[in-house]
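Note sheet for the following structure.
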Amino acid sequence: MRIALLSNPSSGRGRHAQADDDARLRLMRAGHEVLHVRTGSYEQARSAGSALVAQEADALVVVGGDGMVHLGLEVVAGTEVPLGIVATGTGNDIARHFGLPSRDVAEGTRIIDAALSGRTSTGRVLAVDAIRATRPDGTVVAGGHQWSLAVVSAGFDAAVNARANLMTWPAGEGRYLRAVLAELSTLAPYGYRITTDSGTWEGPALLAAVANTRYFGGGMDLAPHADPCDGMLEVLRLEPVGRFRLLGLLRRLLAGTHLDSPHIHLERTASVTIEALDERTGQDHGLRPPPHPYADGEPLAPLPLRLSAVAQAVRLLLPAPGSGLGAGAGT
Ligand SMILES: Nc1ncnc2c1ncn2[C@@H]1O[C@H](COP(=O)(O)OP(=O)(O)OP(=O)(O)O)[C@@H](O)[C@H]1O
């Protein structure tokens, strides 16, 4: 088969920079023709991916983290071209959901080869839902980032993400921790207007997140019951709480035991519109506007946004259930 391979050498903080060569060689040894492009930026990678897919690639494989899967989805969403994932990122939340291995190029490429070659005891092709972002009236958002696979968030964590991206030191996890501490020190609720299939809610919250798959933030089990094959999204809202309670809830999020907290509200819906309360109502409620939303760890278009589940928007190359490959169950 003809495989387009896109890689991000900076994924996983550059610790797996040779993973793409390794993946290319392994897929070639399995008998595939591999068109590999290693680019210097997200935008270059996206246009290279679109060009490769237009050259009649049979599959697109991304080597990198959740941001690379987000990019790959943007390229193939709505086409029949399947997407394979060799997870070498920092968080790998999408791989975690689907039971794909992290930082194991041999196993990752074995699954891709098996799924493409129809060896159903080892791999399979599964059509899954994706989240499509538009303006509330349905018009297309500018600048790409229309599609997301895992979680769109416009709350505390998005503010942390944005702040960490602006910092130049320290490197690695230290920067994220510094950003969390800075956000905690100025903690205050945001004003939202959230419209789901069942109606509109307005008010203050610290987090509004929309999940298609379970994990975000590098292993936080945000939506333990999320099923990307059910045509539905899970909308989670966190009421305003103090710093200490928030830290406790973040700890429970890691284990996925946060849903019984009275401060967390969960709703299933096929689509949701998230708006800044004051902007929408024209009144001053004394609440901050929500931060710029993030999707799969990447900055999305600013609010207001309508997020819809699009059934079977992308065909993923996954381990076969019970094959013993990858990290376990998955959907
Ligand atoms: N050549 C490139 N192709 C794509 N993205 C790139 C490239 N170089 C730098 N980037 C940046 O890398 C980020 C995505 O990284 P990626 O998600 O692959 O790894 P990660 O952040 O380590 O993993 P994770 O998202 O799983 O935590 C994007 O925000 C993008 O701007």
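Brief remarks on what is shown
- Some residue of segment 71-84 being open to solvent by 40 Å² or more (accessible area, probe 1.4 Å), part of a strand (DSSP E or B), out of contact with any Leu (no Cβ under 9 Å at 6 or more places or on another chain) and away from the ligand (no atom under 16 Å from the Cβ): no
- Note on segment 1-16: among residues that are modelled with pLDDT under 85 and surrounded by fewer than 17 Cβ atoms within 10 Å (Cβ to Cβ), the one that is nearest to the chain's Cα centre (by Cα) is R13.
- Any hit, segment 38-57, residues being open to solvent by less than 30 Å² (accessible area, probe 1.4 Å), more than 16 Å from the ligand (Cβ to nearest atom) and touching a residue at least 60 places away in the same chain (Cβ under 8 Å): no
- All of L187, L116, L149 fail the test of being open to solvent by 30 Å² or more (accessible area, probe 1.4 Å) and among the hydrophobic types (A, V, I, L, M, F, W, C), apart from L187.
- Going through (1) surrounded by fewer than 17 Cβ atoms within 10 Å (Cβ to Cβ); (2) part of a loop (DSSP other than H, G, I, E, B) one by one, P290 falls short only on (1).
- Selection of segment 1-14 for residues being touching a residue at least 12 places away in the same chain (Cβ under 8 Å) and either more than 9 Å from the ligand (Cβ to nearest atom) or assigned to a helix (DSSP H, G or I) (or both) yields M1, R2, I3, A4, L5, S11, G12, R13.
- Near pairs, Cβ below 8 angstrom, 6+ apart or cross-chain, from segment 89-102 (under 16 Å from A130 (Cβ atoms) and more than 9 Å from the ligand (Cβ to nearest atom)) to any residue that is open to solvent by less than 10 Å² (accessible area, probe 1.4 Å) and among the polar types (S, T, N, Q): H97/T213; F98/T213
- Hits in segment 103-114 (condition: modelled with pLDDT of 95 or more and not in a helix (DSSP H, G or I)): D104
- Residue within segment 196-203 that is hydrophobic (A, V, I, L, M, F, W, C), closer than 20 Å to P289 by Cα and open to solvent by 30 Å² or more (accessible area, probe 1.4 Å) present: yes
- Residue within segment 313-323 that is buried (at least 19 other Cβ atoms within 10 Å of the Cβ), farther than 30 Å from V105 by Cα and of a type outside the set (D, E, K, R) present: no
- Residue check: R24 meets all listed conditions (1) of a type in the set (D, E, K, R); (2) surrounded by 18 or more Cβ atoms within 10 Å (Cβ to Cβ); (3) touching a residue at least 40 places away in the same chain (Cβ under 8 Å) but one, namely (3).
- The selection criterion, being of a type in the set (A, V, I, L, M, F, W, C), within 16 Å of the ligand (Cβ to nearest atom) and under 17 Å from A87 (Cα atoms), holds for L60.
- When segment 25-37 is filtered for residues that are within 15 Å of the ligand (Cβ to nearest atom) and either among the aliphatic types (A, V, I, L, M) or part of a helix (DSSP H, G or I) (or both), only V37 remains.
The values are calculated or read from the model by the stated rules, or taken from the named source; none is laboratory data. Owing to the predicted nature of the structure, the values given are computational and were not obtained by experimental measurement. We place every Cβ from the backbone using ideal geometry, glycine too, and count neighbours over all the protein chains shown. To get the accessible areas, we keep the full protein, side chains included, count just its heavy atoms, and leave off ligands, DNA and RNA. Shrake-Rupley method; radii C 1.70, N 1.55, O 1.52, S 1.80 Å.
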